[in-house]
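Participant: For reference, the structure I am asking about is given below.
Every number here is computed from the coordinates shown, using simple stated rules; none is lab data. Fair warning: this is a prediction, and the values are worked out from it, not measured in the lab. All Cβ positions, even for glycine, are placed from backbone atoms using ideal geometry, and neighbour counts span all protein chains on display.
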Amino acid sequence: MAWDEWDRLKSEARDGRPGGQTGTRLNRLEPGAGPAAPSTTGDLNVNQPDLARIGSHAHTLYNQLWDQARLDHTSVDGAASDLSTQGFALGPALQHVSNRWSRQLGTVLDACAHIANHMQVTKKIHNGDEDYIRRQMSSIDVLDAGFDERVGPAGAENAIYGDKKK
């Protein structure tokens, strides 16, 4: 977009002329149009019991799939081989289904194992991140207070520096 066109659009929006009907607003939003304030949406809470329950369910699903969903490849592959030898088209099809089932089941088992393992470390990592952010923010507050005249009344010494008489 050319600069003169951009300047024209800004002036039309500012003046409320017909060309500015798109409702362009610079440097502000309509009241209530933005995202909700953090105080109304709350904070992300990660609780160890919740994570443990998710990990436990993923582990249980993994065990059930391992015990019940795996095919007996010896018998299925043997049946597929016998059918193929006898000239039935069902033999190769059965082998294809068996191979496909094994690959898909492996993918689901890997996902369950990943979820179970991830839930074990998530809380620890999250706590470490929270502590790091808290430390960084508190050091910024102290530094900011040292440069901020608004900490004390006008003309008074900034209390953040302590008492000079000591």
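Participant: Which count do you get for residues in segment 101-121 that are β-branched (Val, Ile, Thr) and in contact with a Gly (Cβ under 9 Å, 6 or more places away or on another chain)?
Facilitator: Filtering segment 101-121 down to residues β-branched (Val, Ile, Thr) leaves 107-108, 115, 121.
Checking the rest, the ones that are also in contact with a Gly (Cβ under 9 Å, 6 or more places away or on another chain) come to 115.
Adding up the residues that qualify gives 1.
Table: residues versus (1) surrounded by 11 or more Cβ atoms within 10 Å (Cβ to Cβ); (2) over 30 Å from Asn47 (Cβ atoms); (3) not β-branched (Val, Ile, Thr).
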residue	(1), (2), (3)
Ser81	yes, yes, yes
Gly91	yes, yes, yes
Leu94	yes, yes, yes
Val97	yes, yes, no
Val108	yes, no, no
